[in-house]
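Notes follow the structure.
Bear in mind these aren't lab numbers, they're just calculated from the coordinates by the rules spelled out. Computed from a prediction, not measured in an experiment: that's the story for all the values here. We place every Cβ from the backbone using ideal geometry, glycine too, and count neighbours over all the protein chains shown.
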Amino acid sequence: MKMKELMGLVASMVLRCNDCIFYHLDRCVTEGCSREELHEAMNVALIVGGSIVIPHLRYAFDVLDELMKEK
C-alpha cells in the first residue's frame, strides 16, 4: 500500500488538490513512508507538474512537518 499512497500523493500534487495531498500524506505517514521517500515523490510531482506545483509543494512540506510531529 505504501507505493500506491506515494503514487496518489504525486497525482494529487500534479492535479493541485490540497485536500487530496493532505489525505495521501496522512496515509503515507501511517503506512510508514520515510521523509526521504516522501521528498522523492514530491520531486517527481514537481518534475511532472512543473512550477505550478510549487505552492502545493510548500503546502505539502508544512503538512508533512505537522504529521511527523504527531507521530
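Condition first: of a type in the set (Ser, Thr, Tyr) and under 13 Å from residue 13 (Cβ atoms). Now tell me which residues in segment 25-71 satisfy that. Steps first, answer last, please.
At the first step, the residues of segment 25-71 found to be of a type in the set (Ser, Thr, Tyr) are 30, 34, 51, 59.
Selection gives 51, 59.
Return the pairs, sorted by first residue and then second, in which the second residue is aromatic (Phe, Trp, Tyr), the first residue lies in segment 2-29 and is in contact (Cβ under 8 Å) with a residue 40 or more places away in the chain, the beta carbons are less than 7 Å apart, and the residues are 6+ apart or on different chains.
Final answer for the pair search is 18/59; 21/59.
Out of all the residues in segment 52-71, is one or more surrounded by fewer than 18 Cβ atoms within 10 Å (Cβ to Cβ) and on the phi > 0 side of the Ramachandran plot?
no
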